Structures are given as structure tokens and as C-alpha cells.
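The values are calculated or read from the model by the stated rules, or taken from the named source; none is laboratory data. If you're wondering where the values come from, they're calculated on a predicted model, not measured in any experiment. Quick reminder, even Gly has a Cβ in these numbers, built from the backbone with ideal geometry, and neighbours come from all protein chains shown. Calculation scope for accessible area: heavy atoms of the full protein, side chains included, ligands and nucleic acids excluded. Shrake-Rupley method; radii C 1.70, N 1.55, O 1.52, S 1.80 Å.
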Amino acid sequence: MWFVSRVFFMLVNDSHGASDHLGPFKSDVSIPALFVFGDSWVDNGNGRYMGNPNPSSAYSVDFKVDNQSRASNGKTMADFIAQTFGLPFLPPFLSLKKSESIQFGANYASSGCGILPETKKYTYVKCMDLDEQIELFKSSLKSFKNLDELSRSLIFINMGQNDMDLNKRLSSNGSVDMGECLAEPLAKRLQRLYDHGGRKFLVSNSLPLGCRPFSISQEKPTTRCVERLNKLASEFNSYLPRMLEDLESTLSGSKFVLLDVYKVFEDVFSQPASYGKGY
């Protein structure tokens, strides 16, 4: 739980706008590299190298890195995690040349896709599902200079939102079992990452999907948020703690930690005034 509290401190610290006063939080735990898998919440430019249209002009207005792009005005969770551990901002993997090393890790995240390959057919951009991201990770390990360090590196996964939001089989079916349809497929893919050498995992749950401004503007709910989407996110999230415990107990030498972003965002949405200007 120590690790979770430190990550939360870093996320909430920035959300409160306090980082300008306190400076970026630095962990006293050392990791050699960070590998990121996910969707637009952590993608830092892979879509750009897949031929997708330029993102909104509002993106990256507060934080720009050459040859990168984010679906955000500033840094993503992955950027903050890299900063916390004293690592450089990771390159989007597709921006790298074949001869380039991934000494400090890489970002394989892809906006628009999800855990399930079938979700891709519902999206509006070219993207890589989690299976494809894992295959890229596997192929890139030959350029990771010290494979012994892989077991001490951190693998961060933030994925599942698009499966619940875009995949009609899940989003339109009130009786769907989110454990069978989404949590179990995620567990299988986490085991594949373990089989490729990963041992330390930080897995994010889903934020309250129905409270996003986009969801509210699209569906115009009579309640504060789109409860249908929040219900899907909550059901998916409910499976994760036990799933990660089971993986850790069966995969020798592994460590799985849950990052509860649902709670972070819920606090922001329910008490916006306490988070300062702009909320």
C-alpha cells in the first residue's frame, strides 16, 4: 500500500495545482525503466505515427515534447510516474528507429483501442489493441540493453475505458458480466507480460466514465453523470482487486498494485471547489 499512496500523492498533488509550490514528487524507490500500455489517457503520440489526423489544437498547450502528442493539455499519468522515479519522459514506441535503445522503457499506448481486439472496429482512428501493444513490447526487448533489469522495471497499464464506452456488446448490454468479458481477458494479458519478463505491475482501474464532460455533453443525462457508464466502470473495477491478488499469488516473484483512479476522479467531480481554480 506504500507504493499506492505515493502514486496517489503525486496524482492528487498535481490535481490540486500544488505542484508549482512543492515541485514534482520524487520517489526514494529506484526503477531502471517504465513500460506503458493503454489508451488515450496515457498515449503520448503513437497515433501520430499510424497516420491519424492531428489532435485538437487544445492538446499539449501546457506541455510539449518534440515528436510527441497527447490527448491532454498537459502531462499524462505516465509522465508523472516517470518523473516520480527520476526517469526521462518516455518516447512513443512507434517514433523510435530500429537501432534506438529503450534503455529507460517505452510507451506502447494507443488512443482509441482497448483490451479486447473487437473494440477496434468501433473506434474512429487507427489504433493498437492490448495484444498488439504486447507484441511490440516483446519484439522491442532485444533492444533493451540489460534484460536482467526488466524484472525490476515497472509495467503500467491503463486500459478498458474504450471497451466499456465504444464496444456496443458491452456498453449496450445491461446484463453483461464485466468479469468474464473484460477482467478475465485483462488477466490473461497480464500473465503474458509476466511470461515476457515483467514482474512489477501497476494496474489502473477505470475512472467514472459517465462523469466525463464528453459523456455528459453527448448523452445529456438528467442526473449529474451518465450512470449507465459509471455502473460499467464500477463493475469492472470491482473485479480487479481479487484478480490482481490471484495473479500475484500464482505468478512467482510478481508484484501487482492497483491504482484507484476512480476514487481520485470521484473526489474531483464531487468536490471541485477544493481543487482550486479551473475546477
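Being in a loop (DSSP other than H, G, I, E, B) and open to solvent by 30 Å² or more (accessible area, probe 1.4 Å) is the filter here; which residues of segment 200-238 pass it?
Those that are in a loop (DSSP other than H, G, I, E, B) and open to solvent by 30 Å² or more (accessible area, probe 1.4 Å): Arg212, Lys220, Pro221, Thr222, Thr223, Arg224.
Answer yes if at least one residue in segment 185-199 is more than 20 Å from Tyr108 (Cα to Cα), touching a residue at least 12 places away in the same chain (Cβ under 8 Å) and open to solvent by less than 20 Å² (accessible area, probe 1.4 Å), and no otherwise. If you could, list the steps in order and put the result at the bottom.
To start, the set of residues in segment 185-199 that are more than 20 Å from Tyr108 (Cα to Cα) comprises none.
Checked segment 185-199: no residue is more than 20 Å from Tyr108 (Cα to Cα), touching a residue at least 12 places away in the same chain (Cβ under 8 Å) and open to solvent by less than 20 Å² (accessible area, probe 1.4 Å).
Among (1) surrounded by 13 or more Cβ atoms within 10 Å (Cβ to Cβ); (2) polar (S, T, N, Q); (3) out of contact with any Asp or Glu (no Cβ under 8 Å at 6 or more places or on another chain), which single condition is Ser143 missing?
(3)
List, please: which pairs have Cβ atoms under 7 Å, are six or more places apart or on different chains, and start with a residue in segment 75-91 that is under 12 Å from Asn107 (Cα atoms) and in contact (Cβ under 8 Å) with a residue 24 or more places away in the chain and end with one that is hydroxyl-bearing (Ser, Thr, Tyr) and assigned to a helix (DSSP H, G or I)?
Between residues of segment 75-91 that are under 12 Å from Asn107 (Cα atoms) and in contact (Cβ under 8 Å) with a residue 24 or more places away in the chain and residues that are hydroxyl-bearing (Ser, Thr, Tyr) and assigned to a helix (DSSP H, G or I), there is no close pair.
Search segment 112-140 for residues being in a helix (DSSP H, G or I) and more than 20 Å from Ala187 (Cβ to Cβ), and hand back the single one that is least open to solvent (accessible area, probe 1.4 Å).
Result: Ser140.
Within segment 239-279, can you find the residues that are assigned to a loop (DSSP other than H, G, I, E, B) and at pLDDT 90 or above?
Leu251, Ser252, Gly253, Ser254, Asp260 - these are the residues of segment 239-279 that are assigned to a loop (DSSP other than H, G, I, E, B) and at pLDDT 90 or above.
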